[in-house]
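Worksheet for the structure shown next.
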Amino acid sequence: MTYDFDKVINRRGTDSEKWDILAPNELPMWVADMDFEVAQPIRDAIQKRLDQGVYGYSFIPDRWAESYINWWRNRHQYTMEADWLIFSTGVIPSMSSIVRKLTTPAEKVVFLTPVYNIFYNSVLNNGRVVSECQLIPQEDGTYAINWEDLEKRMADPQASMMFLCNPHNPTGRIWTREELERIGQLAEKYSVIVVSDEIHCDLTDPGTNYVPFGSVSETCRRVSVTCIAPTKCFNIAGLHTSAICVPDPVLRHRVNRGLNTDECAEPNVFAIDAAVAAFNEGGEWLDQMRAYVAENKALVRNFVAREIPELRVCSGPATYLLWMDGRSLRNVGRGAKMQQAMIAGAAVGGNAVGAADAGAGGNLLVAGESDASGNLLVAGESDVQEQDHNYGSKAPLADYIREKTGLFLSNGEQYGKGGAFHLRMNLACPGSIVEDGLKRLKAGVEAWVAE
């Protein structure tokens with residue numbers, strides 16, 4: 001079956017989180033929510049259950065675990081066992097539950113940043129502490145792990161857990177087998193549990209694949225809790241269906257007790273049928289969607305390189321989210337005006353934007369930090385405990401583009417250290433929407449530079 005991903009679906013007026021929080025002229029390309037119709041086999045499965053007319057309690061049948069096992073064995077060359085799998089209502093509820101069950105208040109959870117913003121909420125809202133290991137930007141636009149810093153953070157006696165985003169959101173990095181093996185070795189050495197969020201695992205560019213953390217070695221299996229789901233890659237997040245894979249029996253028991261205590265281990269009436277249909281019959285749709293999104297990515301990369309040289313695309317081959325670096329705009333146009341105003345405020349009031357100091361080059365440093373060039377650092381680079389990691393957090397570049405053009409992108413500040421003056425753009429939408437977004441993006445950057 002051939003699917004039509006060019007079809008524009010009007011989602012306004014449907015209580016859509018993505019579309020209905022906006023003004024009429026705004027264009028949402030932010031939250032990781034597709035604008036494509038769901039694969040027909042999934043819709044058929046839901047319709048069949050809907051037509052039954054009775055929506056009572058459901059249990060977890062064997063076919064649910066079998067669908068996960070078959071998919072990971074065939075797609076990712078990783079054979080899980082049915083006993084390893086636990087149903088959960090979602091990846092983030094699971095991770096929050098795991099934090100509460102397997103760590104104690106004030107203990108530290110290690111992140112590789114910039115990283116998915118809700119990770120912070122799962123840790124901070126539960127009274128734990130985030131320990132940020134900032135990824136190192138490379139000349140080719142990719143990111144590398146700072147191994148010295150990571151080991152230092154994992155060796156901290158207060159560090160008891162690591163949240164791993166595999167593949168990585170927002171940078172699109174696919175971690176190599178060697179990198180994952182090294183993380184597993186450090187985790188075992190320092191008694192750290194690795195909670196691997198692999199919800200984006202099937203959203204890789206055609207011809208590329210990710211490596212499941214638990215597949216790498218016996219060590220990785222022993223120290224790991226892996227969160228997986230069909231929701232992101234098949235666009236069924238609203239159905240609240242996911243799984244947790246825990247090979248180690250003792251660890252699995254503890255995770256299972258936490259999920260049941262928190263009441264997030266029971267399916268709604270559509271959750272099982274939708275997941276089974278996705279994994280058993282959705283492969284054709286998924287592959288067509290991945291190819292379509294890859295074309296959208298190529299369109300944006302070419303357009304940005306040609307028309308918006310102030311930005312730099314620095315995304316890897318995973319997710320349908322494109323990560324863009326706008327740090328060159330910090331000292332240009334509106335950025336220069338902001339810097340001048342902040343320095344003036346620091347001179348008059350003694351500080352500005354919290355713990356501000358003038359750098360050797362006259363540039364403003366926030367919370368005592370600067371980049372290698374001594375340029376202005378703003379929200380997102382200071383202490384993680386003081387930051388707002390919700391979608392509405394303030395960010396000068398993203399907020400400016402939205403105000404000027406109506407284009408709503410995810411701001412990099414909410415993803416923690418290394419995210420300031422970056423933008424995340426959702427490309428799981430029809431090409432006509434992407435083209436509209438690019439026109440707005442160009443207009444917004446031009447206005448920033450000219451101001």
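A few notes on this one:
- When the listed pairs Lys108/Lys404; Lys18/Lys404; Lys189/Lys394; Lys18/Lys108; Lys7/Lys439 are checked against a 30 Å cut-off, the alpha-carbon distance exceeds it for Lys108/Lys404; Lys189/Lys394; Lys18/Lys108.
- Computed over the chain, the per-residue total of -39500 (n - 2.57) for DSSP H runs of n ≥ 4 gives a 222 nm mean residue ellipticity of -12000 deg cm²/dmol, rounded to 500.
- Within the chain, percent of DSSP bridges classed antiparallel, to nearest 5: 50 percent
- Helix 249-261 and the long axis of the chain differ in direction by around 80°, with both axes built from C-alpha atoms.
- When region 44-281 is described by a simple charge dipole with +1 on each Lys and Arg Cβ and -1 on each Asp and Glu Cβ, the residue from Asn70, Ser224, Asn125 located farthest towards its positive end is Asn125.
- Model label points for Asp20 and Arg257, set 7 angstrom from Cα along the Cα-to-Cβ axis, are 4.1 nm apart.
- Dipole of the chain [Lys/Arg +1, Asp/Glu -1 at C-beta], most positive-end residue of Leu203, Leu259, Leu112: Leu112
- Taking amide H as placed 1.01 Å from N in the peptide plane, the amide H of Leu164 sits under 5 Å from that of Val195, Ser196, Asp197, each at least 5 places away or on another chain.
- Label positions at Glu435 and Glu295, each projected 7 Å from the Cα along the C-beta direction, are separated by 1.2 nm.
- Taking other C-beta atoms within 10 Å as the exposure proxy, His240, His200, His422 rank His240, His200, His422 from fewest upward.
- Tilt relative to the chain, helix 271-281 - C-alpha long axis, 0 to 90 degrees, to 10: 90 degrees
- Here each label is just a point 7 Å from Cα along the line to Cβ, and for Asp4 and Ile136 those points are 5.1 nm apart.
- Ellipsoid fit via the Cα gyration tensor, the chain: semi-axes of 36, 28, 19 Å, each the root of five times an eigenvalue, largest first.
- Distance between region 57-81 and region 196-216 - C-alpha centres, whole angstrom: 16 Å
Bear in mind that the values in this text are calculations on the coordinates, not laboratory data. No experiment lies behind these values; they were computed from the predicted model shown. Note that we place each Cβ from the backbone using ideal geometry, even for glycine, and neighbour counts take in every protein chain shown.
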